[in-house]
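Student: First, the structure itself, so that you have it in front of you.
The values are calculated or read from the model by the stated rules, or taken from the named source; none is laboratory data. Not measured: the values here are computed from a predicted model. Note that we place each Cβ from the backbone using ideal geometry, even for glycine, and neighbour counts take in every protein chain shown.
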Amino acid sequence: MKKQRIIEFIIEKGLFITAIFSIIIILFIILFIFSEGFPALNAYGLLNFIFGSIWDPSNNEFGLLPMIIGSILVTLLSMIMAVPLSLLAAIFMAEIAPNRIRKILKPVIETLSGIPSVVYGFFGLIILVPMVRDNFGGTGFGMFTAAIILAVMILPTIISISHDSIRAVPNEYKEASFGLGATQWETIKNIIVPAALPGIITAIILGMGRAIGETLAVIMVAGNVPLIPNSIFAPIRTLTSNIALERSYAVGLHYNALFATAIVLFLIIIVLLLCANYIQRKYSIKY
C-alpha cells in the first residue's frame, strides 16, 4: 500500500508539473507575440492599425482591415459550405448507416484530416482555379476558391466530433421517443440532435478555428491581394497569409506590424473560444 501511494503521488505531481509547464509555454508565446507586436500598435495606433484600409509597408502604411475582412469572409463562406454537409454526414453515420458502411466511412473521413495542407492547395491550384476561371470569370484565384478548399479541410473535424457527440446520446432518449410513437427522423430532429448540440457546437467552433488559422492552402489559391473584396470571386489576403508572405523580408516597424497581425488573429481565436464555451455551457444546462 505504501508503494502504491508513492507511485500515485509521483504520477499526480508529474501530471501537475506537466500541466504547469504547458501553461508556462503558452504564456511565454503570448508574451513574446505581444512584446514584438506592441511597438507597431504604439507607433501606428491601434484603431488605425485595425481599421486602416491600406497595407503598404514601403510607405509605413499598416491598415489591417482588408485582411481582417478577408479572413472573416472566407471563413464564414467555408462554414456555410461545410457545416450542413458535415452535420448530415455525421447524422447518417451515427444513426442511419449500417455498421459495415460506418466502418468504411469513418476511417476514410478521418484520413482526410491527415492530408497535408499543401496537397489541398495544390489540388485547388490545378483543378479548382481553372474551373472557377472558366465558369465564373476572373483569374480563378479568390475567396470562393479558397472557401471550397477550407470547407473540404474542415469536414473531417466537424464530422468526427459531431459523430462522436451524437453516438454519446444515451439510448434511453431514443427508446423513450420511439415509445411515444415518434418516427426515426422526428427522434433525430427533436431528441438526438438537441441532446448532442454542445458537442456539435464545439465541432463547428474547432472547424472555424482551423479555417481561420489555415495558411499554406489559402496562399496558393486566394490571390493574396491586400484589398477589401467586392465579390466572392475577388482575390483576398487573410491574416495568416499576410504574416507568411512578408515575414521573410520584414524589418523594423514592418516586422513589428506582422506580430501585431498575430495579436489580432490571437484575439479573434480567443473570442471564438469564449463564444464556444458560453454556448456549450448554456445548452449543456438546458439539455
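Student: Which condition breaks for Tyr44 when tested against (1) at pLDDT 85 or above; (2) buried (at least 18 other Cβ atoms within 10 Å of the Cβ); (3) over 30 Å from Ile166 (Cα atoms)?
Tutor: If we test Tyr44 against (1) at pLDDT 85 or above; (2) buried (at least 18 other Cβ atoms within 10 Å of the Cβ); (3) over 30 Å from Ile166 (Cα atoms), just (1) comes out false.
Student: Another question about this same structure. Please list, ordered by first then second residue, the pairs with beta carbon atoms under 8 Å, 6 or more apart or interchain, first in region 177-189 and under 14 Å from Ile166 (Cα atoms), second surrounded by 10 or more Cβ atoms within 10 Å (Cβ to Cβ) and among the small types (Gly, Ala, Ser).
Tutor: Thr187/Ser177
Student: Quick check: is even one residue across region 101-115 within 21 Å of the chain's Cα centre (by Cα), closer than 27 Å to Phe266 by Cβ and touching a residue at least 60 places away in the same chain (Cβ under 8 Å)?
Tutor: no
Student: Which helices (runs of 4 or more DSSP H) does region 154-269 wholly contain that include 1 or more residues that are farther than 30 Å from Leu128 by Cα and of a type in the set (Asp, Glu)?
Tutor: 171-179, 184-187
Student: Step by step: first the residues of region 1-32, then only those that are surrounded by fewer than 10 Cβ atoms within 10 Å (Cβ to Cβ) and charged (D, E, K, R), then the one that is nearest to Ile263 (Cα to Cα). Which residue is that?
Tutor: Arg5
Student: If you don't mind, there's one more thing I want to ask. Consider Phe28 carefully, then state whether it is aromatic (Phe, Trp, Tyr), outside any loop (DSSP other than H, G, I, E, B) and within 18 Å of Ile268 (Cα to Cα).
Tutor: no
Student: In region 198-236, which residues are more than 16 Å from Ser78 (Cβ to Cβ) and within 18 Å of the chain's Cα centre (by Cα)?
Tutor: Pro198, Gly199, Ile200, Ile201, Thr202
Student: Give the residue that is modelled with the highest pLDDT, with candidates limited to residues of region 51-81 that are exposed (fewer than 15 other Cβ atoms within 10 Å of the Cβ) and touching a Leu at 6+ places or on another chain (Cβ under 7 Å).
Tutor: Phe51
Student: Sort through Leu239, Leu245 and tell me the only one that's without any contact (Cβ under 8 Å) to a residue 60 or more places away in the chain, buried (at least 16 other Cβ atoms within 10 Å of the Cβ) and under 22 Å from the mean Cα position of the chain (by Cα).
Tutor: From the options Leu239, Leu245, the qualifying one is Leu245.
Student: Another one. Taking the conditions exactly as written (in a helix (DSSP H, G or I), touching a Gly at 6+ places or on another chain (Cβ under 6 Å), under 20 Å from Val74 (Cα atoms) and touching a residue at least 12 places away in the same chain (Cβ under 8 Å)), does Ile148 satisfy them or not?
Tutor: Taking the combined requirement at face value, the residue does not satisfy it.
Student: Still on this structure, I have one more. Sort out which residues of region 128-145 are assigned to a helix (DSSP H, G or I), surrounded by fewer than 16 Cβ atoms within 10 Å (Cβ to Cβ) and in contact with a helix residue (DSSP H, G or I) (Cβ under 8 Å, 6 or more places away or on another chain), and write them in order of number.
Tutor: Within region 128-145, Phe136 is the sole residue that qualifies.
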